[in-house]
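Peer 1: Here it is, the structure, as structure tokens.
The values are calculated or read from the model by the stated rules, or taken from the named source; none is laboratory data. Quick caveat: nothing in here was measured; it's all calculated off a predicted structure. Backbone-built Cβ (ideal geometry, glycine too); neighbour counts: all protein chains shown. Surface areas here come from the heavy atoms of the whole protein model, side chains and all, with no ligands, DNA or RNA. Shrake-Rupley method; radii C 1.70, N 1.55, O 1.52, S 1.80 Å.
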Amino acid sequence: GAGVSQSPSNKVTEKGKDVELRCDPISGHTALYWYRQSLGQGLEFLIYFQGNSAPDKSGLPSDRFSAERTGGSVSTLTIQRTQQEDSAVYLCASSLRLGGGELFFGEGSRLTVL
Amino acid sequence: KQEVTQIPAALSVPEGENLVLNCSFTDSAIYNLQWFRQDPGKGLTSLLLIQSSQREQTSGRLNASLDKSSGRSTLYIAASQPGDSATYLCAVRPRIQGAQKLVFGQGTRLTINP
């Protein structure tokens, strides 16, 4: 696509429910990144993919968070048993390659856990 | 550990002024530095990417410089307009084996007054 597409743009859920956030990167971009932006906070790195592989998962906040990427394209970030502290904007970015490539971000998915 | 600082946190200037936003980083071992803007409730828009071997990049009324040895970058905005009002973020990609995440500053919230 022309840009990074994320869905849903807004999600309100109850504490304890599972949520899935989707990211569709720019066509041809091999690298994909997930970040989290909490209110009044900076951007927190979560995970990156090179193709379908996620070499470094150490940025995920807890084992309730998981992510996968299929076909070298779409990625899904799943949060199980959501907590109020998970409320944030989840941003996805892609780049043509790892290393020195320019990152392009989507509009984000705003998650609110009640 | 790489840290990125942006000063000031907020800036308000009259329309038409030229202005400079500052970004400093603690470790000069970087692949590149990228400037973004973020409008309220939106994702990040890439403005300029400067590779570590470069000194500056220009796009329209924007000019970004990089002094890697002193750990500084500036974003110069010429003839500011109300549409330039946004939060401006700088981010560096550390040159560390296996590191793929950008390290972001907290941003400068810019307001251009008509």
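Peer 1: Could you point to the residue in B:41, B:103, B:7 farthest towards the positive end of chain B's charge dipole, with +1 and -1 charges on the Cβ of Lys/Arg and Asp/Glu respectively?
Peer 2: Toward the positive end, the furthest listed residue is B:103.
Peer 1: Next question, about the same structure. Using only alpha carbon pairs under 8 Å that are at least six residues apart, calculate the relative contact order of chain A and give it in whole percent.
Peer 2: RCO, chain A: 37 percent.
Peer 1: To continue, here is another question. Please compute the average number of Cβ atoms from other chains found within 10 Å of each residue's Cβ in peptide B:44-56. Working shown, then result.
Peer 2: Numbers: counts 11, 3, 6, 0, 1, 5, 0, 2, 1, 1, 0, 0, 0.
Counting Cβ atoms of other protein chains within 10 Å of each residue's Cβ and averaging gives 2.
Peer 1: Right, something else. Quote the charge dipole size of chain B about the Cα centre in Debye, to the nearest 20; the model charges only the Cβ of Lys and Arg (+1) and of Asp and Glu (-1). Could the numbers behind the result be given before it?
Peer 2: On the way: 11 positive and 8 negative charges, 82 e Å.
That gives a dipole near 400 debye.
Peer 1: So, one more: Segment A:1-38 to segment B:1-70: how many Å between their Cα centroids?
Peer 2: So the separation of the two Cα centres works out to 25 Å.
Peer 1: If you don't mind, another one. Which ³J(HN,Hα) values in Hz, rounded to whole numbers, follow from the phi angles of segment B:12-29 under the Karplus curve 6.51 cos²θ - 1.76 cosθ + 1.60, where θ = phi - 60° and Gly and Pro get x?
Peer 2: Here the 3J(HN,Hα) series is 10, 9, x, 4, x, 6, 8, 9, 10, 9, 10, 9, 10, 9, 8, 10, 6, 7 Hz.
Peer 1: Taking the Cα centre of segment B:8-89 as the origin and placing charges on Cβ (Lys, Arg +1; Asp, Glu -1), which of B:29, B:69, B:18 is farthest toward the positive end of the dipole?
Peer 2: Sorting the options by dipole projection puts first B:29.
Peer 1: To continue, here is another question. In percent, how large is the relative contact order of chain B, given Cα pairs closer than 8 Å and 6 or more residues apart? Before the final figure, lay out each step's value.
Peer 2: On the way: 292 pairs, mean separation 41.9, N = 114.
RCO, chain B: 37 percent.
Peer 1: Ok, one more. When the dipole is taken about the Cα centre of the protein assembly as shown, and only Lys, Arg (+1) and Asp, Glu (-1) are charged at their Cβ, what size is it in debye, to the nearest 20?
Peer 2: Details: 22 positive and 20 negative charges, 59 e Å.
Value, rounded to 20: 280 debye.
Peer 1: Show me, for segment A:69-82, the HN-Hα J-couplings you get by feeding each phi into the Karplus relation (A = 6.51, B = -1.76, C = 1.60, θ = phi - 60°), rounded to Hz, glycine and proline as x.
Peer 2: 9, 10, x, x, 10, 5, 10, 10, 9, 10, 10, 9, 6, 4
Peer 1: Tabulate in residue order the Karplus-calculated ³J(HN,Hα) for segment B:60-70, using 6.51 cos²θ - 1.76 cosθ + 1.60 with θ = phi - 60°, rounded to whole Hz; enter x for Gly and Pro.
Peer 2: x, 7, 9, 9, 10, 10, 9, 10, 5, 5, 9
Peer 1: Under a 5 Å amide H to amide H cut-off, with H placed in plane at 1.01 Å, what residues pair with residue B:106 once short-range neighbours are removed?
Peer 2: For residue B:106, the qualifying residues are B:6.
Peer 1: From other protein chains only, count the Cβ atoms within 10 Å of every residue's Cβ in A:54-63, then give the mean.
Peer 2: Working: counts 0, 2, 4, 0, 1, 1, 0, 0, 0, 0.
Mean partner-chain Cβ count within 10 Å for A:54-63: 1.
Peer 1: Moving on. Packing-wise, with mean Cβ within 10 Å as the measure, how do A:101-113, A:39-51 rank, highest first? Kindly include the intermediate steps, with their values, before the conclusion.
Peer 2: Numbers: A:101-113: 19.8, A:39-51: 17.3.
Answer by packing, highest mean first, reads A:101-113, A:39-51.
Peer 1: FRET efficiency for residue A:27 and residue B:52, Cβ-Cβ distance as r, R0 = 35 Å, nearest 0.05?
Peer 2: Details: r = 28 Å, r/R0 = 0.80.
The calculated FRET efficiency here is 0.80.
Peer 1: With every protein chain present, what is the per residue accessible area of chain A (1.4 Å probe, Å²)?
Peer 2: On the way: 5300 Å² over 114 residues.
Here the per-residue accessible area is 46 Å².
Peer 1: Carbon-plus-sulfur fraction of the accessible area of the protein assembly as shown, 1.4 Å probe, in percent? Present the calculation step by step, with values, prior to reporting the outcome.
Peer 2: Values: 4930 of 10760 Å².
Of the solvent-accessible surface of the protein assembly as shown, carbon and sulfur hold 46 percent.
Peer 1: For a label point 7 Å from the Cα of residue A:78 along Cα→C-beta, name the residues of segment A:4-25 whose backbone N is under 15 Å from it.
Peer 2: It comes to A:17-23, nothing else.
Peer 1: Give the long-range amide H neighbours of residue A:46: residues separated by 5 or more places, or on another chain, with amide H under 5 Å away, using H modelled in the peptide plane at 1.01 Å from N.
Peer 2: Those lying under 5 Å, H to H, from residue A:46 are A:34, A:35, A:36.
Peer 1: Within 10 Å of each Cβ of A:67-73, how many other protein chain Cβ atoms are there on average? Please list the in-between numbers first.
Peer 2: Working: counts 0, 0, 0, 0, 0, 0, 0.
Across A:67-73, the average partner-chain Cβ count within 10 Å equals 0.
Peer 1: Please get the size of the charge dipole for chain A, origin at its Cα centre, with Cβ charges of +1 on Lys and Arg and -1 on Asp and Glu, quoted in debye to the nearest 20.
Peer 2: Numbers: 11 positive and 12 negative charges, 20 e Å.
Taking the Cα centre of chain A as origin, the dipole is about 100 debye.
Peer 1: Suppose the chain between residue B:76 and residue B:61 were pulled fully straight at 0.36 nm per residue; how much longer would it get relative to their current alpha carbon spacing? Mind showing how you got there, number by number?
Peer 2: Working: separation 15, 0.36 × 15 = 5.40 nm, distance 0.80 nm.
Here the answer is 4.6 nm.
Peer 1: Please figure out what share of the DSSP beta bridges in the protein assembly as shown is antiparallel and state it in percent, rounded to the nearest 5. Working shown, then result.
Peer 2: Values: 73 of 82 bridges.
If I count the DSSP bridges inside the protein assembly as shown, around 90 percent turn out antiparallel.
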